[in-house]
Amino acid sequence: MSVPRLAMAFALGLHALPAHSQQDGPVDRFRLSLGQIAEQSPLASAEVPQVPCPKDGQGGPVDPPELPASKRLVLPLGTAGSLAFYTAHAQGSAGVLAPRGWSCHGLYGSNGDVLVVQPPGSAGDPRDASYRGQFVLRSFSDGGTSGRFEVARVGGRLFPQARAFAEQVKAEGIDDDPFPDTPWPSDRIERLGDGAVAFETPGGVEGLGRQGKGPYAPEPVSGAVAYAVSADGDPFLVQLKARLDRNIYPAVAIAFLDDLRPALERAGRPRAPSPASGPGDGALAAVRAFYEALGRADGETASGLVVPERRASGPYAPSSISRFYGSLAEPIRLLSATAAGGGDVEVRYRYRKPNGAVCDGRAVVATRSDGGAALIARIKPLNGC
């Protein structure tokens, strides 16, 4: 970087990154896919406005979180002035860059979450194949829950290490749709590492950026996908899909990939053995206490029995638990709980939904020892209920 440009960067609150930080991993490979890095603007750490977004889902509507006014991200030099960071998470995480002044909303459930950012006044849903407007969409799919179908169906097409998991999900027999093991034929795929790809789906065809029934919008969709495994051993998938001006999109993708760098680096290393689970009696006691709290719609107690990293937002947050289980026409009741070994507990339960439909559910509840106490790490439904 020339001396005048370097001085300007620091005057604007930007911090130029050392060369070594720009030469490894998905970010650098993505930049190479755009052309010669030497001809691109250097990366810099810059502050952008942070925009809190409302969300709605399984536990009911949630107000926008209270967040600091700005967030520091890695961006191409000169792009920060037109962008903002949008998120529906209380920690200011799991968000996306998009042009300033746009509107945002999040959706969440047991399968994961979605954040949609669009120009104000936009009509339509970017998840529809026929949607033609500009947008940025970030989605997280949890392979330890009902999100496993998305992880299997998309991950199995893009990542060889995900295909065994896709076969396991297929073997459950719950979802009869096909589970292909090759990318969509019309997509352009750039492999950014073992656990990340960039893609472009051309206009007018089905692909990673535009799935489901047509008609398909004639405008292309660009994005990136990351596949990794959590500390609990569950695979997860994070997807970015966007239709933006060509001079804005690279900054959005770079910030997305840089945010996922720690997870992708962990995915590239052999995983350490899982922490030892608590005794079977401890796991059973935790699971029984959890379902008893659900029956009372006691979100604070139930969430306190879940591993800390899953309590802050989504279906295991106290407010989400209280809203959903408090709305049931007949409270959830645990019918049986049986130790299955390795800290897992098989459960049967029943509840009646607000519309009167009865759920007779079966699930495997995985627990993890945390400070000597058994806590719930994930719940895998076995019959879709």
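So what is the accessible area of the stretch 65-182 per residue, in Å², with the probe set to 1.4 Å? Please list the in-between numbers first.
Working: 4890 Å² over 118 residues.
On a per-residue basis, the stretch 65-182 sits at 41 Å².
Under 8 Å for C-alpha pairs, at least 6 residues apart: give me the relative contact order for the chain, rounded to a whole percent.
The value is 12 percent.
For ILE174 and ARG72, what is the calculated FRET efficiency with R₀ set at 56 Å and r taken between the beta-carbons, to the nearest 0.05?
That pair, ILE174 with ARG72, gives E of 0.85.
Could you give the distance between the Cα centres of the stretch 342-385 and the stretch 184-230, to the whole Å?
33
What FRET efficiency comes out for the pair ALA373/SER319, r = Cβ-Cβ distance, R0 = 22 Å, nearest 0.05?
0.45
In whole percent, and with a 1.4 Å probe on the protein chains, what portion of the accessible area of the chain is carbon and sulfur? All intermediate terms of the calculation are to be shown ahead of the outcome.
Details: 9200 of 17660 Å².
In the chain, the share of accessible area belonging to carbon and sulfur is 52 percent.
If I stretch the segment between ALA357 and SER103 completely, what's the gain in nm (0.36 nm per residue apart, minus their alpha carbon distance), one decimal?
Fully extending the segment from ALA357 to SER103 adds 87.9 nm.
Check cross-link reach from LYS170 to the lysines: straight Cα distance under 26 Å, and skip same-chain residues fewer than eight apart.
Partners found: LYS213, LYS241, LYS380.
Obtain the nm distance between the two label points defined at SER336 and LYS213 by a simple spin-label model: each point lies 7 Å from its Cα along the Cα-to-C-beta direction.
It is 4.0 nm.
By what distance, in whole Å, do the Cα atoms of the stretch 182-263 stretch along each of the three principal axes, largest value first?
40, 29, 17 Å, listed from the longest principal axis down.
Over the stretch 309-385, average the accessible area per residue using a 1.4 Å probe and give it in Å², no decimals.
48
Less than 9 Å Cβ to Cβ from GLY361, Lys/Arg counted +1 and Asp/Glu -1: what total charge do the surrounding residues give? Walk me through the numbers on the way to the answer.
On the way: positive: ARG348, ARG350, ARG362; negative: ASP360.
Neighbourhood net charge equals +2.
Note the full-extension length gain between THR182 and ASP56 as 0.36 nm times their separation in residues minus their Cα-Cα distance, in nm to one decimal.
On the way: separation 126, 0.36 × 126 = 45.36 nm, distance 3.36 nm.
So the chain would gain 42.0 nm between THR182 and ASP56.
With a 10 Å cut-off between alpha carbons and a GNM built on the chain, which of TYR351, TYR316, TYR108 moves the most?
Judging by the Gaussian network model, the answer is TYR351.
P(r) of the chain in 20 Å steps, Cα pairs, percent per bin?
Taking every Cα pair in the chain, the percentages come to 26, 56, 18, 1.
Name the most mobile residue of GLY173, GLY282, GLY57, meaning the one with the largest mean-square fluctuation, in a Gaussian network model of the chain with Cα contacts below 10 Å.
GLY173
Give the percent of DSSP beta bridges with both residues in the chain that are antiparallel, rounded to the nearest 5.
The answer is about 90 percent antiparallel.
Calculate, in nm to one decimal, what GLU292 and CYS385 gain on full extension: separation in residues at 0.36 nm each, minus their alpha carbon distance.
Full extension of this stretch gives 31.7 nm more.
The values are calculated or read from the model by the stated rules, or taken from the named source; none is laboratory data. Everything numeric here is computed off the predicted structure, so don't read it as measured data. Glycine also receives a Cβ, built like all others from the backbone with ideal geometry; neighbour counts cover every protein chain displayed. Keep in mind that these areas ignore ligands, DNA and RNA; they rest on the heavy atoms of the full protein, side chains included. Shrake-Rupley method; radii C 1.70, N 1.55, O 1.52, S 1.80 Å.
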